[in-house]
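Below is one structure, written out as structure tokens; comments come after it.
Read the figures in this text as sums done on the coordinates, not as results from a lab. A quick note: this is a predicted structure, and the numbers were derived from the prediction, not measured. Note that we place each Cβ from the backbone using ideal geometry, even for glycine, and neighbour counts take in every protein chain shown.
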Amino acid sequence: MDGFVLVNGASPAIRDVYYRYLAWKVVKRHISQRRPRHADRRVLEQIIIPFILAKFQPRTVLEVGREPYEAFYNEFFVGRELWTIDWDAAKAQFGAPKHIVDDAANLRNHFPESYFDLVLMNGVFGWGLNQPEAIEKAFAAVHALLAPGGLFVLGWNDTPDLVPVPLDQVQALRQFTPYFFAPLNGTSFKCSTYEHVYSFFLK
Ligand SMILES: C[S@@+](CC[C@H](N)C(=O)[O-])C[C@H]1O[C@@H](n2cnc3c(N)ncnc32)[C@H](O)[C@@H]1O
């Protein structure tokens with residue numbers, strides 16, 4: 001099985017090439033030619049994830065929200081401690097072996113502070129995580145659970161029906177520092193499909 005953690009001894013340039021190749025192979029293995037070509041997926045799978053693996057070398061990863069079409073995402077994180085959480089018990093089968101069924105607002109009940117190097121939450125804000133109180137609680141938990149220097153990747157849709165609270169009004173996000181994600185040339189990036197935005201925050 002390919003996919004291993006390149007850490008000591010590999011230069012950043014080698015890691016970058018390696019993880020882009022790994023991501024491409026994982027996607028190719030799992031995605032049929034029939035999958036529509038959504039730019040927001042391609043950006044996540046082939047730009048964001050490989051860059052983070054190379055640059056941040058996360059040892060502990062939390063992914064919030066898992067749909068069937070992402071079950072193979074476990075393979076991006078082979079050799080790392082990957083946790084998934086989704087409040088819908090039916091999604092557990094698509095999660096990582098370490099999976100929790102619960103509301104993201106309750107994350108603090110499950111992990112100690114500073115546990116994760118990376119938290120990925122794509123398509124959850126506005127897709128169930130909608131109540132202002134729950135949003136504050138979930139994002140504050142993400143901040144608490146990230147290790148210093150850890151990265152929070154928030155994927156969301158910038159359409160009125162899918163933005164329950166403007167992000168600049170979410171107090172918990174103010175604890176983070178916006179992270180300049182070099183491959184996308186900004187701290188946020190809007191894809192060409194679905195007004196899908198990726199925002200990057202550093203603890
Ligand atoms: C629209 S799907 C998209 C998720 C997926 N990560 C993606 O990239 O497309 C939203 C998922 O998040 C889960 N979800 C929504 N709100 C949640 C919450 N507050 N806590 C935990 N899971 C939630 C849903 O059950 C569903 O599996």
field: FRET efficiency, T187 to V101 (Cβ-Cβ, R0 25 Å, nearest 0.05)
entry: 0.20
The chain, relative contact order [Cα under 8 Å, separation at least 6], %: 18
- line: Applying the gyration tensor rule to the Cα atoms of region 11-95 (axes a ≥ b ≥ c; rounded if a/c under 1.5, else prolate if a/b exceeds b/c, else oblate), the class is oblate
- prompt: Antiparallel as a % of all DSSP beta bridges within region 12-202, to the nearest 5?
  reply: 40
query: Using unit Cβ charges (K, R positive; D, E negative) and no other charged atoms, how large, in debye to the nearest 20, is the dipole of the chain about its Cα centre?
result: 780
message: Please give me the summed charge of the neighbours of K55: other residues whose Cβ is under 13 Å from its Cβ, Lys and Arg +1, Asp and Glu -1.
response: 0
statement: Summing +1 per Lys or Arg and -1 per Asp or Glu among the other residues with Cβ less than 14 Å from A105's Cβ gives -3
statement: Per-residue ellipticity at 222 nm attributable to helices in the chain (runs of n ≥ 4 DSSP H, -39500 (n - 2.57) apiece, nearest 500 deg cm²/dmol) works out to -7000 deg cm²/dmol
message: Going Cα to Cα from K98, which aspartates and glutamates come in below 12 Å? Please leave out same-chain ones fewer than 8 positions away.
response: E63, E81, D86
Neighbourhood net charge (14 Å Cβ-Cβ; Lys/Arg +1, Asp/Glu -1) for V165: -3
query: Fewest first, what order do S199, S188, S11 take by the number of other Cβ atoms within 10 Å?
result: S11, S188, S199
- prompt: What list of ³J(HN,Hα) values in whole Hz, one per residue of region 99-112 in order, does the Karplus curve 6.51 cos²θ - 1.76 cosθ + 1.60 (θ = phi - 60°) give from phi, with Gly and Pro shown as x?
  reply: 10, 10, 9, 5, 6, 4, 5, 9, 3, 5, 6, 10, 9, x
Cross-link reach list, lysines versus K190, counting only Cα pairs under 28 Å and skipping chain neighbours closer than eight places: K25, K28, K55, K91, K137, K203
- prompt: Which cross-chain or sequence-distant (5 or more) residues have an amide H under 5 Å from the amide H of F116, H modelled 1.01 Å from N in plane?
  reply: L146, A147
statement: With R₀ set to 22 angstrom, the calculated FRET efficiency between the beta-carbons of A71 and R108, to the nearest 0.05, is 0.25
message: What are the extents of the Cα atoms of region 12-202 along their three principal axes, in Å, largest first?
response: 40, 35, 33
- prompt: Could you give me the ³J(HN,Hα) list for region 12-21, computed from phi with Karplus coefficients 6.51, -1.76, 1.60 and θ = phi - 60°, whole Hz, x at Gly and Pro?
  reply: x, 5, 5, 4, 4, 5, 4, 6, 5, 5
- request: Measure nothing but the geometry: give the 0 to 90° angle between the long axis through the Cα atoms of 132-145 and the longest principal axis through the Cα atoms of the chain, rounded to 10°.
  value: 40
task: Apply 1/(1 + (r/R0)^6) to the Cβ-Cβ distance of F180 and Y18, taking R0 = 35 Å, and write down the FRET efficiency to the nearest 0.05.
output: 0.95
